[in-house]
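Undergrad: First, the structure itself, so that you have it in front of you.
The values are calculated or read from the model by the stated rules, or taken from the named source; none is laboratory data. In this text, all values refer to a predicted model and were calculated from it rather than measured experimentally. Note that each Cβ is placed from the backbone with ideal geometry, even for glycine, and that neighbours are counted across all protein chains shown.
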Amino acid sequence: MKKQIALTLCVLLCSCAAQETLAPADREAARASAEQPAIEAREQNFIRETADALLDGLVAPEMTDAQRVQRVYRHLIENTYFAEPVGLDMWRYLSDEESPPTYVENRSLSPLLYGIGSCEDYAAAMVILLQQMGFSSEYVAGYTLSVDGEYVDHAWAVVELAGEWYHLDPQLEQNVTRDGLLTYRYFLKSDEELSTNHKWGENLIAYRPGISSEDAGRIRREYTPPACTAVYTQPDPEAVTLPPRPDIAAINRGIEQARERSGKGELPPLELNTQAPVLIGSADASTPGGSRYARSFLNAPEQELYDALLLAAEGWEVGAELAVPAGCSLRRTEAVAEAFLQDNPLYYWVKPQTVNGAAGASVCVGLPEGLTAERAQARQREIEGAAKALLDRAGPSQMDRVLLIHDYVAEHVVYDNSPEYTDSANLYGGLILGRGICDSYTKTFQYLMQMSGIDCIYIKGSSGRGVPHSWNAVRLADGWYYVDTTWNVNKKYRRGVFHDYLCVSGEEMSREHDWDTAQYPRLPASSGDTYDYYRYHGYAVEAGSPEDLTAQLAEAFLTRLLDTEPPGQLSPVFLEIKVVGSQREYEEVKAFFIKHIFDVLMAMSEQIGEENLPLYLQTGESITCNFNDTMQVILFYPKVRSTGGRYTV
């Protein structure tokens with residue numbers, strides 16, 4: 001097993017010196033900066049002390065102000081890996097403080113301690129480090145252009161240098177760094193330079209013409225940084241080494257060990273400032289890839305009808321007749337209704353009906369036969385109560401929420417396609433009645449993910465055998481992932497679920513799933529693999545030519561075993577790992593595993609003994625194993641029992 005990780009306050013210190021020779025404009029800026037009044041002293045806390053400790057090894061007194069800013073900027077690019085943040089509550093365990101930090105302080109902790117974070121964390125760490133060096137700096141929330149040419153939520157920083165304000169975007173800088181060359185494309189930029197691909201303040205309001213006056217006022221008051229009017233001389237490009245993929249499973253184990261070593265036990269819940277200084281909601285609802293995914297494929301008049309349906313549903317306007325806008329054909333009203341129901345699983349009870357009257361065509365907001373408005377409202381209260389009860393158990397990270405909701409749906413919903421069952425394809429059937437077909441699984445997962453604050457969309461198509469089917473996609477910190485809860489139901493061993501189709505890439509999902517290209521001309525692109533279920537938790541084996549494949553398989557399976565609750569008596573325990581590599585490499589690992597399965601069991605048993613874990617693993621009897629060759633997953637069921645006590649990885 002991987003050895004315990006030592007947590008330190010200063011990790012990943014930059015090993016490469018930043019460029020010391022700057023342009024004449026830099027030297028002039030440094031001289032002017034010396035005349036700047038010092039910013040107001042800030043109360044020190046664990047997070048700011050952590051930043052100070054990092055700065056002690058990063059900047060030197062003889063550096064100019066511009067050089068110090070450049071050094072910190074480069075440090076974040078070289079030493080922060082783009083992924084969901086970890087350990088945001090560790091200040092509670094590593095210090096004696098009781099007062100919660102600010103949002104920006106809290107979000108800076110993951111990059112400062114562990115070198116991991118999303119754009120908000122890069123920005124927050126940049127702000128805290130700059131402030132600790134004595135600069136005025138602020139966190140900026142807005143949008144930026146994605147690789148798909150769409151505006152998505154984003155965050156960066158501004159800093160005051162020599163009396164002028166400038167933008168800094170270390171996360172996007174890292175994203176555009178190619179072939180190990182740092183070009184300083186987003187370093188100390190003016191409003192005019194940055195506005196070509198960033199939206200904030202007034203240019204954000206102009207970009208979203210339908211924004212309410214209340215939201216526009218909020219952006220002006222809270223999310224508009226100081227004007228950045230000066231142009232800074234861009235430093236010369238220089239070589240940079242980007243951070244490698246971290247072992248997130250090992251880091252999380254180290255975090256848990258640090259919590260235990262603190263001796264504080266399970267701390268009571270604390271009201272943290274977890275309301276991100278981000279804008280009103282997520283990206284524009286019409287942008288493909290948000291929670292209004294099906295809406296994005298409608299034309300403007302069709303979207304107008306869609307929005308009218310949404311308002312009527314939110315207001316319980318049962319019986320309302322909505323005029324069909326010019327440009328929306330009667331034939332297309334059915335497609336609008338279908339898109340509305342696919343994006344909004346909570347309003348499954350809306351049954352739109354197109355009618356022709358004297359005043360023209362309209363869509364009536366009807367109800368399914370046998371369901372009254374009062375009963376639909378009572379059902380909605382049941383749905384909201386069940387969702388709250390589940391989500392109250394969710395951990396802070398995105399993967400915590402995805403895994404909790406996925407496992408709940410796969411365990412809670414029983415497949416039922418009885419013809420007399422009228423709720424077999426909706427949210428109520430899945431979440432409350434616990435029965436349904438794939439749509440019930442899919443829409444229950446979609447609703448719970450949306451309620452947890454994660455974008456999740458419904459996708460309709462067919463299985464590889466041509467059977468009508470539906471599944472989901474979720475947007476996590478580094479991109480879109482695909483999920484099929486229906487296919488992850490473990491029918492043989494109900495004590496646990498499969499995870500073969502949890503957070504996989506679009507390419508992997510397309511091996512057995514064909515989406516409806518007529519309704520969805522394009523699917524959200526998947527680019528990352530950080531949150532692949534098996535990679536994230538350390539249940540993966542990298543294929544190729546490993547030195548000791550037996551040891552690698554044993555470690556991956558034992559890691560999976562230690563994340564289960566072993567039974568008190570000897571019983572089969574469901575274990576699963578993924579082989580990462582080509583299909584040919586997977587077949588080689590599979591053949592090796594079949595031939596050496598008892599060697600793998602012996603290696604696991606030896607590790608259990610070496611680490612004195614309170615487990616007994618049977619190694620000499622017959623054993624069941626299965627394989628999902630398409631998803632390259634190996635499953636087997638060794639007999640295990642707990643020998644008492646508690647174990648810690």
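Undergrad: Within the bounds of segment 207-223, is there any residue that is free of Cβ contacts under 8 Å to residues at least 12 places away in the same chain and polar (S, T, N, Q)?
TA: Yes, segment 207-223 contains a residue that is free of Cβ contacts under 8 Å to residues at least 12 places away in the same chain and polar (S, T, N, Q).
Undergrad: Only residues in segment 606-628 that are of a type in the set (Asp, Glu) count as the first member; pair them with residues that are outside any loop (DSSP other than H, G, I, E, B), Cβ under 8 angstrom, at least 6 apart or cross-chain, and list the lot.
TA: If the second residue must be outside any loop (DSSP other than H, G, I, E, B), the pairs left are 621/639.
Undergrad: While we're looking at this one, here's another question. In this structure, is residue 241 at pLDDT 90 or above, assigned to a loop (DSSP other than H, G, I, E, B) and surrounded by fewer than 15 Cβ atoms within 10 Å (Cβ to Cβ)?
TA: yes
Undergrad: Next question. For segment 52-77, name all the residues that are farther than 23 Å from residue 162 by Cα and surrounded by 21 or more Cβ atoms within 10 Å (Cβ to Cβ).
TA: If the condition is that a residue be farther than 23 Å from residue 162 by Cα and surrounded by 21 or more Cβ atoms within 10 Å (Cβ to Cβ), then 54, 77 are the ones that fit.
Undergrad: Among the residues of segment 189-238, what is the count of those that are out of contact with any Pro (no Cβ under 8 Å at 6 or more places or on another chain) and outside any helix (DSSP H, G or I)?
TA: Residues of segment 189-238 out of contact with any Pro (no Cβ under 8 Å at 6 or more places or on another chain): 189-199, 202-221, 224-232, 234-238.
Subset that is outside any helix (DSSP H, G or I): 189-190, 195-199, 208-212, 224-232, 234-238.
Residues in segment 189-238 being out of contact with any Pro (no Cβ under 8 Å at 6 or more places or on another chain) and outside any helix (DSSP H, G or I): 26 in total.
Undergrad: Tally the residues that are part of a helix (DSSP H, G or I) and within 28 Å of the chain's Cα centre (by Cα), restricting the search to segment 425-445.
TA: Matching residues across segment 425-445 total 14.
Undergrad: If only one of 546, 524, 567 is closer than 15 Å to residue 637 by Cα and at pLDDT below 95, which one is it?
TA: 567 is the lone residue from the list that is closer than 15 Å to residue 637 by Cα and at pLDDT below 95.
Residue-by-condition table, conditions (1) out of contact with any Pro (no Cβ under 9 Å at 6 or more places or on another chain); (2) outside the structural domain of residue 640 (by TED's automatic domain parsing):
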site	(1), (2)
519	yes, yes
532	yes, yes
549	yes, no
567	yes, no
573	no, no
576	yes, no
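Conditions (1) within 17 Å of residue 455 (Cβ to Cβ); (2) at pLDDT 90 or above, marked per residue:
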site: 280; (1), (2): yes, no
site: 284; (1), (2): yes, no
site: 289; (1), (2): yes, no
site: 296; (1), (2): yes, no
site: 324; (1), (2): no, yes
site: 336; (1), (2): no, yes
site: 355; (1), (2): no, no
site: 358; (1), (2): no, no
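Undergrad: Would you confirm whether any residue within segment 396-415 is more than 30 Å from the chain's Cα centre (by Cα) and among the small types (Gly, Ala, Ser)?
TA: no
Undergrad: Taking segment 408-424 only, how many residues are part of a helix (DSSP H, G or I) and touching a residue at least 40 places away in the same chain (Cβ under 8 Å)? Explain how you work it out, then say what you get.
TA: Of segment 408-424, the ones part of a helix (DSSP H, G or I) are 408-412.
Those still in the list that are touching a residue at least 40 places away in the same chain (Cβ under 8 Å) too: 408-411.
Total meeting the criteria: 4.
Undergrad: I've got another one for you. Take the residues of segment 173-189 that are closer than 20 Å to residue 244 by Cβ and aliphatic (A, V, I, L, M): which is modelled with the lowest pLDDT?
TA: 176
Undergrad: Same structure, new question: Grab the strands (runs of 3 or more DSSP E) fully contained in segment 597-642, keeping just those with 2 or more residues being surrounded by 17 or more Cβ atoms within 10 Å (Cβ to Cβ). Working first, answer last.
TA: Details: elements: 615-617, 624-628, 633-637, 639-642.
Result: 615-617, 633-637, 639-642.
Undergrad: Hey, another quick one. Find all pairs meeting these conditions: Cβ atoms under 6 angstrom apart; at least six residues apart or on different chains; first residue within segment 289-316 and buried (at least 17 other Cβ atoms within 10 Å of the Cβ); second residue at pLDDT 90 or above and among the acidic types (Asp, Glu).
TA: 292/343; 294/343; 295/343
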